[in-house]
Amino acid sequence: RDTWVGEKAPWTGTRKGKNVQQTWGVFDDVFVPTDNTFNFLQNVLDEVIALFPSKYIHIGGDECPKEYWKQSEFCQKFIKDNNLKDEHGLQSYFIQRIEKYVNAKGRSIIGWDEILEGGLAPNATVMSWRGEAGGIEAAKQSHDVIMTPGSAGLYFDHKASTSPDEPLTISGLGSGYSNFHKVYNYDPVPKELTADQKKYIIGVQANVWTEYMETPSKVEYMIFPKIFSLAEIAWSQVERKDFKNFTEERVPLHLAKLDQTNTNFWVPVPVGQPDKMLSGENFNIELKAPLKGAKIFYTLDNYRPSENATEYTKPIKVNVLQGQKKTLKTIVITPSGKRSVVSETTLNNGAPEVKTK
């Protein structure tokens, strides 16, 4: 790699054929810790601080590849001359130097949990996004923490269900799965912390990255009703939380209000519909509309439900013959015409599993 460092080149890596990135992602190009680099960053921070009167300035600090630092003779000499342990130590030096500048302006920094690597800046607040581990470690070091783990559903740009009806998003499932049930069931104050350490958990945040959101309407679809759950876990005491009341009373009321406006939202699937296979011969399935005024339509013949399917008006009684199975498919349609994804429940009475290649 061409790792020449000069007054007009405050980064590492090749200069040949370099173009402005055309897509999002994590790239190997990183700043070189020269005075020119810090002068540039301080000028940027001066403008940010002048524009925004907030106490905190979020400096990022995440997803910093180290490969070019390893290849750079300048960076390796810098690490040695400043008695830094390694490239993680260089990242810590970088963050701490920026923090000193921001603190001198009367502000405090927030950084993603990668700023723990190599040693945490003295006054930094940590946003824990890669699970809870970073936040727990920061709290144990007596640093303020804002919990925002994607594994808890707090990345609202992640899809809300496994349905193929869901729009294209950046995430798969697993840790990238996010719906308002999952968010509501999260407690941002880890049980692993002592009573004294818990005071450093000062807040919780959700994130909405819009790479796949071309319109404000899609942003609304991704955040509602998850944002109701965020408010609950941020402001309600754990002992006062009531999942049944929240999902069957309050959320339906607020979604009905949104449905009367031009606001878009993810329409929940019917309350009470099992999200896993049920085994047996006779089934009695009771459902409830997830918002006031909505209707539930269902099929048992493998056809996709619509407003032309059977409308749910009473518990669904289903008999499944021995060795067979049926699939209950439902859809919710709101008074304004918004539709939920199709939700499926398999009712199995000993039918053999069909393996696919």
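For every residue, the table says whether it meets (1) over 30 Å from the mean Cα position of the chain (by Cα); (2) exposed (fewer than 14 other Cβ atoms within 10 Å of the Cβ); (3) aliphatic (A, V, I, L, M).
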site: Gln22; (1), (2), (3): no, yes, no
site: Gly25; (1), (2), (3): no, yes, no
site: Asp35; (1), (2), (3): yes, yes, no
site: Val44; (1), (2), (3): no, yes, yes
site: Ile49; (1), (2), (3): no, no, yes
site: Phe52; (1), (2), (3): no, yes, no
site: Gly60; (1), (2), (3): no, no, no
site: Cys64; (1), (2), (3): no, no, no
site: Gln71; (1), (2), (3): yes, no, no
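Output yes when any residue across segment 138-148 is assigned by TED's automatic domain parsing to the domain that holds Ser178, farther than 18 Å from Glu63 by Cβ, at pLDDT 95 or above and among the polar types (S, T, N, Q), and no when none is.
yes
Can you list the strands (runs of 3 or more DSSP E) lying wholly within segment 286-357 that have 3 or more residues being under 25 Å from Thr261 (Cα atoms)?
Hits in segment 286-357: 295-299, 324-333.
As an exercise: evaluate Asn282 against (1) among the polar types (S, T, N, Q); (2) surrounded by 12 or more Cβ atoms within 10 Å (Cβ to Cβ); (3) more than 16 Å from the chain's Cα centre (by Cα) and give the number of the one condition it does not meet.
(2)
Search segment 236-259 for residues being closer than 16 Å to Tyr186 by Cβ and of a type in the set (Asp, Glu), and hand back the single one that is surrounded by the fewest Cβ atoms within 10 Å (Cβ to Cβ).
So the residue we want is Glu239.
Would a scan of segment 121-140 turn up a residue that is at positive phi, free of Cβ contacts under 8 Å to residues at least 60 places away in the same chain and either assigned to a loop (DSSP other than H, G, I, E, B) or of a type in the set (A, V, I, L, M, F, W, C) (or both)?
yes
The values are calculated or read from the model by the stated rules, or taken from the named source; none is laboratory data. Remember, predicted model here, so these are calculated numbers, not experimental data. Because the Cβ atoms are built from the backbone with ideal geometry, glycine has one as well, and the counts that use them run over all protein chains shown.
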